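Some notes on the structure that comes next.
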Amino acid sequence: MTVSTVSGAAGSRPSARVLILKDLDSAGWHFAVSSLSRKGAELARNPAVALTFYWPALGRQVRVEGIAQADPAPVAAEDFLARSEGARTMALTGRQSEPYCDPAEIGEALAKARLELERSPGLVPADWVSYAVWADTVEFWQSDPDRRHRRLRYERDGAGWSTTPLWP
């Protein structure tokens with residue numbers, strides 16, 4: 001899925017990246033990030049997000065707009081510990097999106113993180129956060145070869161949802 005955020009700072013622009021949808025339940029759509037990353041910092045300043053799921057072979061898309069709320073710490077820990085060793089090792093370097101001068105820096109940071117994991121296999125970094133997006137709008141799009149695409153927008157309306165068909 002593509003997660004789009006805006007920091008909320010003056011002059012800020014939308015930022016999008018692809019993340020893994022970890023779960024979907026009554027609390028919302030779940031994903032996890034480091035709070036030290038750009039997306040983590042943006043979510044801390046402005047929790048409004050948009051999620052986009054696109055299946056080109058099926059000609060379908062789902063858009064979700066809502067507020068990202070941090071899940072309880074045990075949910076984040078469970079998510080982190082379920083990840084591959086390589087993913088956990090890279091996350092433990094804590095340097096996502098930072099510039100580097102020498103590729104050897106990455107190797108050194110990974111070696112240090114790998115050693116940390118060997119010493120403490122249950123280690124979960126304090127900056128690891130799982131979020132649930134509580135949707136207020138969900139839009140479904142179905143393509144049509146004649147360009148009469150079908151679009152339905154669902155908006156939270158009290159305890160339920162209202163549905164509005166949209167022009168293609």
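The values are calculated or read from the model by the stated rules, or taken from the named source; none is laboratory data. No experiment lies behind these values; they were computed from the predicted model shown. Note: ideal-geometry Cβ built from the backbone for every residue, glycine included; neighbour counts use all protein chains shown.
Out of the strands (runs of 3 or more DSSP E) lying entirely within the range 1-99, which hold 2 or more residues that are in contact (Cβ under 8 Å) with a residue 12 or more places away in the chain, within 30 Å of E118 (Cα to Cα) and not charged (D, E, K, R)? Give the steps one after another, and end with the answer.
Values: elements: 2-5, 15-18, 23-25, 28-34, 48-55, 60-70.
The qualifying strands (runs of 3 or more DSSP E) are 28-34.
Table: residues versus (1) part of a helix (DSSP H, G or I); (2) free of Cβ contacts under 8 Å to residues at least 12 places away in the same chain; (3) on the phi > 0 side of the Ramachandran plot.
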site	(1), (2), (3)
E118	yes, yes, no
V129	no, no, no
D146	no, yes, no
R151	no, no, no
E155	no, no, no
P165	no, no, no
Legend entry - Residues of the range 100-113 classified as loosely packed, with under 15 Cβ neighbours inside 10 Å and part of a helix (DSSP H, G or I), total: 8
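The rows are residues; the columns are (1) at pLDDT 95 or above; (2) surrounded by fewer than 16 Cβ atoms within 10 Å (Cβ to Cβ); (3) over 12 Å from S130 (Cβ atoms); (4) not β-branched (V, I, T).
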| position | (1), (2), (3), (4) |
| --- | --- |
| S12 | no, yes, yes, yes |
| V18 | yes, yes, yes, no |
| L24 | yes, yes, yes, yes |
| G59 | yes, yes, yes, yes |
| V62 | yes, yes, yes, no |
| A73 | yes, yes, no, yes |
| F80 | yes, no, no, yes |
